[in-house]
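These notes concern the structure reproduced below.
The values are calculated or read from the model by the stated rules, or taken from the named source; none is laboratory data. None of the values given here were measured: they were computed from a predicted structure. Reconstructed Cβ throughout: ideal geometry from the backbone, glycine too, with neighbour counts over all protein chains shown.
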Amino acid sequence: MGGFGDLLKKAMEAKGEIERIQRETARRTAEGDAGGGSVRVVANGAGEVLSITIEEALLKAGDAEMIQDLTAAAVNVALRNAKQIMAEAMSAATGGLGHSLGMDLDTGSD
């Protein structure tokens, strides 16, 4: 029974490590922009949008549809970059083990 107990202990340690990485990564930020930088978005590793900045010239142009499209594009880039931060941290921590076993270590923030 010691083998199973050891396996369970290792699984609990791995779970704790993954949770620690998720907490640390959630504090990191990623950026995305669109329209040559006229719309900038900052997101964190938890997949939350922290800020959106739109250049005043774009706002004055008054093209709501363009602003919406550029904002959506910038948000998507920022979230993709944040997801990449999480994936890299998980891969480094697991040595790529999760992916080689077919495990999805995604944050679930798709």
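Kindly provide the set of residues from segment 37-46 that are assigned to a loop (DSSP other than H, G, I, E, B) and either buried (at least 17 other Cβ atoms within 10 Å of the Cβ) or in contact (Cβ under 8 Å) with a residue 60 or more places away in the chain (or both), ordered by number.
S38, G45, A46
Of the conditions (1) aliphatic (A, V, I, L, M); (2) modelled with pLDDT of 95 or more; (3) under 12 Å from the mean Cα position of the chain (by Cα), A82 fails just one. Which one is it?
Going through (1) aliphatic (A, V, I, L, M); (2) modelled with pLDDT of 95 or more; (3) under 12 Å from the mean Cα position of the chain (by Cα) one by one, A82 breaks only (2).
Scan segment 21-36 and report the pairs whose first residue is over 13 Å from N76 (Cα atoms) and whose second residue is part of a strand (DSSP E or B), with Cβ atoms within less than 6 Å and a gap of 6+ or a chain change.
A26/N44; T29/V42; T29/N44
Note down all Cβ pairs under 8 Å where the first residue falls in segment 86-105 and is more than 21 Å from A30 (Cβ to Cβ) and aromatic (F, W, Y), the second is modelled with pLDDT of 60 or more and exposed (fewer than 12 other Cβ atoms within 10 Å of the Cβ), and they're at least six residues apart or on different chains.
Taking only residues 6 or more apart or on different chains, not a single pair turns up.
Can you pull out the residues in segment 51-78 that are among the acidic types (D, E), in a helix (DSSP H, G or I) and closer than 14 Å to R40 by Cβ?
Correct list: E56 only.
Just the residues that are surrounded by 12 or more Cβ atoms within 10 Å (Cβ to Cβ), of a type in the set (G, A, S) and over 30 Å from A89 (Cα atoms), please, taken from segment 47-72.
Hit for segment 47-72 is A61, nothing else.
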